[in-house]
Structures are given as C-alpha cells and as structure tokens.
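Worksheet for the structure shown next.
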Amino acid sequence: MNNAGAFGLSASNVSFDLAQVVQRSRAVAAQLQSGVKHLLRKNKVTVIEGHGRLAGKGRVAIFKNGKEGKPDAELAAKHIILATGARPRVLPGLEPDGKQVWTYKEAMVPPAMPRSLLVVGSGAIGIEFASFYRTLGAAVTVVEVLDRVLPVEDEEISALARKSFERQGMKIMTSATVKALKKSAGGVTASIASSAGEASVSAERVILAVGISANTENLGLEGTGVKLDRGHVVAGPWLETGEPGVYAIGDLTGAPWLAHKASQEGVICVEKIAGVAGVQPLDATRIPGCTYCRPQVASIGLTEKKAIDAGHKVKVGRFPLIGNGKAIALGDTEGMVKTVFDAGTGALLGAHMIGPEVTEMIQGWGIAQTLETTEAELMHTVFPHPTLSEAMHESVLDAYGHAIHI
C-alpha cells in the first residue's frame, strides 16, 4: 500500500483481523495435512498413531498415548526409516513459556497482536517472523550473535537485507548475545551484551529462533550402531545409518533443515532400498534455500566467499533490480541477483537473490546446476520480456562483461 499513490490508487482505513489471519493460516495447513492423509490412503499406506521405538534388529515397538512399559504393538520390517524431525532449540536461561517467550509454534498462532517484539536469532525463521510482525505494525528488534543477519546467505545479500529491514523500521543488533530475560506483567526485558557494551531491550513478547534440536530421544538408539554428531543422526549418501537396516531422513540428520530436502531424502532412501535404477545421492550444495520475508531472499550453491575458500577462481555477476523493467513496473525495485561462476570451467557455483518473488525464480538456478549448465548456455538462453527473470540473465552476462542494461 505504500506505493498505491504512484499507481493512481488510494486506500483509507486499511486494517487487518489477526484472528482471521491465523484462522486462514491454520485452515491452509489443515487442508495440506488432509491431502497428505489422502495420499497415504490412496497408496495403501498403513498409519499407526503412537510413539515408535527401536526394539531390536528389524523391530519397532509402538506405545500409544505416550505410555511406557509394555508396548501396545510391535512391527517387524527389514528396513526402518527414522523421520522424527526436530523441535525448537532452547538455550539455558532463555527457556520459552509459551506466553511471553515464544518459539515459532506460538508465533504462528498469536492470541493478540504484540505492540513490540524481540526476535532472538536472524536465520530464516527469525527473520520471517520479524518481517511478518513488522509489516503488521509491531516495533521489532532483532538480536543476532553473529556479525550479520541471515548469516548463511552471501555477505552482499545479507547487507542488502539488513538495509531494507532497517528502512522498514526494524532495529537490528548483530554481534550481540542475550544473557537473560526478565519477565514482568508488562512484558519481557532482555539483557544484551555486545562489543558496544551492555544494553537492555524491553518488548511485549520474545521469539526464540536460535536453531533446532533433532528429536533423537527415546528412539531406542542405545546399543545400536546409529551414531550422533552434535545431536543429529549421522547418515550416509543413501541415508543409511551405522545400524544395518536403519535409515534416517529430514531434520533428524541435520542442515539444511528444509522440507524439500527432507522430501528428496525420503525419495532417494526408498528408491535405493527398492533397487530403482539411476538413483543419485543428494548434493547438499544444490538445495535451494528460501526466506519468506520482505524483500524475499533465495539462494543455491556456494556463496562468493565459500567458493573462493574452496579454491575456485571465480567470476561474479550482479544485476540490480532497479534496471529491470518488470520490477520498475511493479514499483518494487529493491533487490539484486548475484551469480558466482568458476572462472576456468564456467560452472555455475552459486546464485543469490533478494527481491520480489525470488523464491519462485530460484528453481531456474536449481535446474541449471542439475544440468551442469555453464555460462555459455545461460548467456545464449532467451529470457522473456518483461519479467523479473531477465535480471537472472543480466547477472550472468555481467559476470563475463556482457551486461546490456547496466
């Protein structure tokens, strides 16, 4: 609505109904869950509700209603796949209470709109909630222990994101650590330490977004060959663990903690077990990451720094959206496309984007990497006009000194 006047439009008394926002969100989630249940039934998959625990070679004990003691049922199978996911990570002294101190679970279903919010952690989850609540009008402060927000992203993209968030009114504190949280009737006061000294920040609510912990407890892993590394199950290229016949997929096995990564691991694992020809192990460097904030952020492959650290001589292309016709027409020119190529082979090592709908465009780079496309094929590909995707083309051209529109 900020640009409505530029389009000859006007709007007044614009408001939102938070309860309806939450209700629709839950309805969408329920519809998707229902769809998965339908697919399970359609494919004749038997679902048994309860807590599963390894009970010896090729056996799983089922405990219903979380009860221990004698199992309610026991299953036998040659192959067992662990897919228990993960939960929000909790730091000592910063434990969530579900009321004033939230994890992402409570942040998804707020009973009321907080006037102020402190977000601890600036990874994808933290920034997505910070962006959502700031867009709805909350005063938002983000605290990050590392020296930049969205720390897994390319440094240039991180810097552009921070500038955008601060222009929107977000307060961002990097290289800072929350030492303690003090609750009161009016909210929460955080004690924060940084290189600038001690500070305190007060907010109605706090969201803890400091990572996740794998759900490995009470799975019967004791006495098996299943190994853990920093709390996550160690799995091989075919998702096999150290215990014959036991596999692990998804968040349980570590980063990146993404639904599409977990889904692909499930496919690879099952197809390998079934003996399907042509199965290939997952290349973790080719998994696209998306952050649904404003502006959106998406990336795949190596950042410029990681590519150089890995020994590559690189060619880097950049194209700002201010030079893209579709972005100008949309009135949304904040952003950039950045591409990283191996200077010797022309291989696309990584692509990094910030701006409107980049979470949709990232799949183009994913296809390019899967096909082992080089700069030559990308430069000779015709991109339609006017589209945001033209910025992708221009970024490739810029890496080799052939950009047309900058």
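Every read-out reported here was derived from the displayed coordinates using simple, explicitly stated rules and does not represent laboratory data. Computed from a prediction, not measured in an experiment: that's the story for all the values here. Every residue, glycine among them, receives a Cβ derived from its backbone with ideal geometry; neighbour counts consider all protein chains shown.
Listing for the model above:
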item	result
Segment 101-212: C-alpha gyration tensor shape, a/c 1.5 cut-off, then a/b vs b/c	oblate
Listed residue (Val210, Ile367, Val45) projecting farthest to the positive dipole end of the chain, Cβ model	Val45
Size of electric dipole in the chain: Cβ of Lys, Arg +1 and of Asp, Glu -1, about Cα centre, debye, nearest 20	1280 debye
FRET efficiency, Val28 to Gln264 (Cβ-Cβ, R0 22 Å, nearest 0.05)	0.45
Rough spin-label spacing in nm, given labels placed 7 Å along Cα→Cβ, for Leu9 and Glu360	1.5 nm
Where only C-alpha atoms are counted, convex hull volume of segment 206-303 per residue in Å³	130 Å³
GluC sites (Glu not before Pro) lying in DSSP loop within segment 196-305, provided at most 15 other Cβ fall within 10 Å	Glu217, Glu222
Ala55 paired with Val145, simple spin-label distance in nm, labels 7 Å along Cα-to-beta-carbon	4.0 nm
Loop trypsin sites (Lys or Arg not before Pro), segment 221-308, which have at most 14 other Cβ atoms in a 10 Å radius of their Cβ (DSSP)	Lys227, Arg230
Neighbour-limited loop hits for GluC sites (Glu not before Pro), segment 62-126 (at most 14 other Cβ within 10 Å; DSSP other than H, G, I, E, B)	Glu68
Relative contact order [Cα under 8 Å, 6+ residues apart], segment 28-135, whole percent	11 percent
Separation between Cα centres of segment 255-315 and segment 143-195, rounded to whole Å	27 Å
Cα gyration tensor category, rounded, prolate or oblate, for segment 264-355 with a/c compared to 1.5	oblate
DSSP beta bridge pairing in the chain, given as percent antiparallel to the nearest 5	75 percent
Charged-residue dipole, Cβ positions (Lys, Arg, Asp, Glu), segment 101-212 about Cα centre, Debye nearest 20	500 debye
Bins of 10 Å, starting at 0 and running to the largest distance - Cα pair percent for the chain	4, 18, 26, 26, 19, 6, 1, 0
Gain upon complete extension [Lys179, Thr381; 0.36 nm per residue less C-alpha separation]	67.5 nm
Full-extension gain in nm, Ile367 to Glu74, via 0.36 nm per residue minus C-alpha separation	101.2 nm
Residue-span extension gain [Arg230 to Lys313] - 0.36 nm each, minus C-alpha spacing	26.6 nm
